[in-house]
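A short write-up of the structure that comes next.
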Amino acid sequence: MALHLVSSGQYLTIAQLSRSAVRLFTPDAGPHERFVASGLCAVTGIIAAVLQSQGAVAAMWFFIAASYLLGGSRATLEAISALRTWRPDINVLMILAAVVSAITLHWDEGAILLFLFSLSDALERFAIERTRRGISSLMNLRPEKACLVRDDRELHVPLAEIRADDVVRVRPGERFPVDGVVLDGESAVDESIVTGESAPVEKQPGSKILAGTINANGSLLVRVSRPASESTLARIVRLVEEAQERRVTAQRVIERWQSPYVLTVLVVSIGTMLLGMLISGDIMSSIHRGMVLLVAASPCAVVLASPVAVLATVTHAARSGVLFKGGSHIERLATVSSFAFDKTGTLTRGRPVVRAVSAQNGNHDELLAVAAALEHRSEHPVARAITAAAAARGLSLPEIELFSSEPGFGVWGRMSNHWVGVGQVRLFQQHGIELPQELIRAARESADGTKVLVMRSDGLAGTIDVADEVRREAKQAIEQLRAAGITGLTMLTGDHAAPAERIAATVGITDVRSGLTPADKLTAIMTLAKSNGGVAMVGDGVNDAPALAAATVGIAMGGGGGADVALETADVVLMREDLCGISRALSLARRCRSTIQQSLLFAFGMIFLLVLLTMLGWLSLPFAVIGHEGSTVAVVLYGLRLLADSRKQVSAETQRG
Ligand code: ADP
Ligand code: MG
């Protein structure tokens, strides 16, 4: 807020004022300057009209010139640069219409045209800039300095000097400057800026902290995980900015056709003009008719329909915890007819706990310590559970000499010259290790959670029971998708059939495919992607990354849990640990698509109507201009309504499908 006042205060300095005055006439003009220019254009135009009725001819021409200059100089510069690259655009049409109006002594109509054109242009610019600012202002919320703790002393240093593994102190009420992990202290943290979720989250030692979130009541010591420029917040802002740059197909098509269309309009208008002259011999009214046609057929509203809607949707979604990495993903998500889910970490919370350890030789602690020694190096949720259990029992872990992770299978390595593996039956089969039959049976039949097998080549063998909770909202999220008309709901998991079936039944998925390797998941997704509309894959792990990339739309669970590769490969990231974000994303995408379709229909309909009226000779230039600019503004406002937080409407649409 303070920053804002300072910057608006600066507008009062003479230098700023004169710079703004010059910018009134250039394409660099910001929304405010554009509004000022179009306002002045209207005022000078009205003065000129009054002077005309008074017969003050010289003064009248002065104000006409001023009005044209204010309303048209920026568009003229833009038209010239468009013509230089042989890509005539709307600016060319408008300037031509205004100039010809003035030449044929309809200067007042030209002034109205320039005024309305510059006004709608200022409105668009204002709307777009506002949505953009909504995102970049997130970055300003990060403090400039951090309180670095080193050798028991506290120093305030600029953010850029903070490195990974530094320790910073954050006091109550302060925003966290960086991403990190709590070392000491407890507090409630408001994470709404990143996740959109307003309820505070409790943090203890070991909890993850995100830059930009607010520390409510405790004083925390935080170990920095990455430099400020790479924080999650910085990445979100970058992604959303990139998303706004990338164009959706509808927009690309329109951009490709804009110049040919504009050329056609020019040719047809000139043709109408010449034809009119030949038939009626009335040069002035023929030229006028041609100009009206030119304005009526201008595609301003068509060009704006999709960028405005996409921009508004990306911004709205980001605010409610759904990150679209590009406008094209919105478009594709809107058409998807089936969803595939990973199990562990996606439908389940991904925070499994060890329920039981059973070694065949009875030495359960040794088995757990051996497993934990390997899992220590893995990022898999099961691995975290096993390491935590070993730590809780205070076990010291044996040294390992070799480590390898096989996503979807497990992990294996070497210790004191013995091969050792922790994972699924398949892991051992692949390495030609003979497992005791009763272990295989136990793993396959375990319906209550997952049985992880442990086997060392000296004969040490056993199982570790790991249970994970199904996410509270999983069932509701699946129901919402079904209500939204999604028919294909599939679970793809690397786990055994029995635990997979049980979880699928709990959340309401009937199509279960278990025992899949990451490659099997990929094949399954490629088959599903061929279905009508394609498939969206929801996943969180390293093992899901290929499937996320191959899906029509890849959706990653971001909020804290997801593996970095999953976040990188996905097209959409759910920032909140909330599966209902999926149906929210879906309904936002559908709303965006239908808004674009309706806007295009309206825009083309308007052009058709205006052209028809012109052909019939029922439309004069001022009304053509009003119809044309009015439809442009209507399209912009219609697209911008997607920005509004219409949670009720969204859920209503999800219900309706
Ligand atoms: P999901 O597809 O359900 O996310 P994964 O493909 O990651 O599951 O893993 C499939 C199965 O492989 C798990 O249920 C587990 O039994 C085993 N597994 C995978 N990675 C590990 C690991 N690091 N440690 C132990 N078991 C593992
Ligand atoms: Mg997973």
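With each label modelled as a point 7 angstrom along the Cα→C-beta vector, the His418-Val22 pair spans 8.0 nm.
Counting Lys and Arg as +1 and Asp and Glu as -1, each charge on the Cβ, what is the dipole of segment 144-228 about the Cα centre in debye, to the nearest 20? Could you put the intermediate results ahead of the total?
On the way: 11 positive and 15 negative charges, 30 e Å.
Rounded to the nearest 20 debye, it is 140 debye.
What is segment 312-382 by shape, rounded, prolate or oblate, if you read a ≥ b ≥ c off the alpha carbon gyration tensor as root eigenvalues and call it rounded for a/c under 1.5, prolate for a/b larger than b/c, and oblate otherwise?
Values: a/c = 4.21, a/b = 3.20, b/c = 1.32.
Cα axes put segment 312-382 in the prolate bin.
In order along segment 452-467, the phi-based Karplus estimate (6.51 cos²θ - 1.76 cosθ + 1.60, θ = phi - 60°) of 3J(HN,Hα) comes to 8, 8, 10, 8, 10, 5, 8, x, 4, 8, x, 10, 10, 8, 10, 10 Hz; Gly and Pro are listed as x. Separation of segment 327-345 from segment 525-545 is 8 Å, based on Cα centroids.
Rounded if a/c is under 1.5, else prolate if a/b is larger than b/c, else oblate: which is segment 144-228, with a ≥ b ≥ c the root eigenvalues of its Cα gyration tensor? Judged from the Cα gyration tensor, segment 144-228 comes out prolate (a/c at least 1.5, a/b above b/c).
Would you mind checking Lys145/Lys203; Lys325/Lys451; Lys203/Lys521; Lys145/Lys343; Lys451/Lys530 for any pair whose Cα atoms are more than 31 angstrom apart? Lys325/Lys451; Lys203/Lys521; Lys145/Lys343; Lys451/Lys530, as the Cα separations exceed 31 Å there.
Around the amide H of Thr348, modelled in the peptide plane, lie the amide H atoms of Arg471, all under 5 Å away and 5 or more residues distant in sequence or on another chain. When the Cα gyration tensor is reduced to axis lengths a ≥ b ≥ c, the ratio a/c is 1.5 or higher for segment 377-438, and with a/b above b/c it is classed as prolate.
Semi-axes of the equivalent ellipsoid of segment 350-469: what are they in whole Å, largest first, if each equals the square root of 5 times a C-alpha gyration tensor eigenvalue?
Details: eigenvalues 62, 58, 40 Å².
Listed largest to smallest, the semi-axes of segment 350-469 are 18, 17, 14 Å.
Quarter the surface of the alpha carbon convex hull of segment 497-600 and you get the mean projected area, 7.6 square nanometres. Mean separation of Cα pairs under 8 Å and 6 or more residues apart, divided by the residue count, gives segment 144-228 a relative contact order of 38 percent. Among the trypsin sites (Lys or Arg not before Pro) within segment 509-605, those in coil by DSSP and having at most 15 neighbouring Cβ atoms inside 10 Å are Lys530.
Over the chain, give the accessible area per residue in Å² for a 1.4 Å probe, as an integer. Each step should come with its number before you reach the end.
Numbers: 29570 Å² over 657 residues.
In whole numbers, the chain has 45 Å² accessible per residue.
Gap in Å between the Cα centre of segment 415-461 and the Cα centre of segment 593-629? So the separation of the two Cα centres works out to 71 Å. P(r) tail for segment 416-558: Cα pairs beyond 25 Å make up 36% of the total. Would you compute the Debye intensity of the chain from its alpha-carbon atoms alone, equal scatterers and no solvent, and pass along log10 I(q)/I(0) at q = 0.07, 0.09, 0.10, 0.11 Å⁻¹ to two decimals? Evaluating at q = 0.07, 0.09, 0.10, 0.11 Å⁻¹ gives log10 I(q)/I(0) of -0.61, -0.87, -0.99, -1.11.
Rolled with a 1.4 Å probe across the full set of protein chains, the surface gives Met615 an accessible area near 100 Å².
Just tell me, in residue order, which DSSP H segments of the chain are both 24 angstrom or longer along the helix axis (alpha-carbon based) and at least 0.0 in mean Kyte-Doolittle hydropathy.
Numbers: long enough: 31-54 (35 Å, 0.78); 57-84 (36 Å, 1.07); 107-140 (48 Å, 0.22); 249-280 (45 Å, 0.95); 300-319 (29 Å, 1.52); 580-615 (52 Å, 1.12); 621-640 (28 Å, 1.34).
TM-like helix candidates: 31-54, 57-84, 107-140, 249-280, 300-319, 580-615, 621-640.
Name the longest site-free stretch of the chain, where the excluded sites are chymotrypsin sites (Phe, Trp or Tyr not before Pro) in a DSSP loop with no more than 14 other beta-carbon atoms within 10 Å. With a cap of 14 other Cβ atoms within 10 Å, the longest stretch comes to 87-617.
For Val50 and Glu144, what does the FRET efficiency come to when R0 = 51 Å and r is the distance between their Cβ atoms, rounded to the nearest 0.05?
Values: r = 54 Å, r/R0 = 1.05.
For R0 = 51 Å, the calculated efficiency reads 0.45.
Measuring between their Cα centroids, segment 53-111 and segment 156-205 lie 56 Å from each other. For the chain, the antiparallel share of DSSP beta bridges with both residues in that region comes to about 75%. Tell me which of Leu642, Thr510, Ala484 sits at the most positive position along the dipole axis of the chain, charges placed on C-beta atoms (Lys, Arg +1; Asp, Glu -1). Among Leu642, Thr510, Ala484, the one farthest towards the positive end of the dipole of the chain is Leu642. Which residues make up the longest stretch of the chain clear of GluC sites (Glu not before Pro) that lie in a DSSP loop with no more than 11 other Cβ atoms within 10 Å, not counting the sites? Within the chain, the longest run free of exposed GluC sites (Glu not before Pro) spans 145-398. The relative contact order of the chain, computed from alpha carbon pairs under 8 Å that lie at least 6 residues apart in sequence, is 13 percent. Based on the Cβ-Cβ distance from Gln360 to Arg441, what FRET efficiency comes out when R0 is 22 Å, to the nearest 0.05? The computed FRET efficiency comes out at 0.95. The 3J(HN,Hα) values that the Karplus relation (6.51, -1.76, 1.60; θ = phi - 60°) gives for segment 170-185 are, in residue order, 10, 8, x, x, 8, 8, 6, x, 9, 6, x, 10, 5, 9, 8, x Hz. Gly and Pro appear as x.
Which stretch or stretches of segment 612-632 have amide N atoms under 12 Å from the point lying 7 Å from Ser285's Cα along the Cα→Cβ direction? Within reach of a label on Ser285, which here means backbone N under 12 Å from a point 7 Å along Cα→Cβ, segment 612-632 contributes 617-618.
Selection among Met291, Val181, Leu460 by position relative to the dipole of the chain gives Met291 as farthest towards the positive end (Cβ unit charges, Cα centre).
So what is the 222 nm mean residue ellipticity for the chain from helices alone, if each DSSP H run of at least 4 adds -39500 (n - 2.57) and you divide by all residues, rounding to the nearest 500 deg cm²/dmol? Present the calculation step by step, with values, prior to reporting the outcome.
Numbers: 24 runs with 362 residues, N = 657.
So the helix-based figure for the chain works out to -18000 deg cm²/dmol.
The values are calculated or read from the model by the stated rules, or taken from the named source; none is laboratory data. Since the model is a prediction, treat every value here as computed from it, not as a measurement. Positions of Cβ are generated from backbone atoms using ideal geometry, with glycine treated the same way; all protein chains shown enter the neighbour counts. The area values use the complete protein model at the heavy-atom level, side chains included, leaving out ligands, DNA and RNA. Shrake-Rupley method; radii C 1.70, N 1.55, O 1.52, S 1.80 Å.
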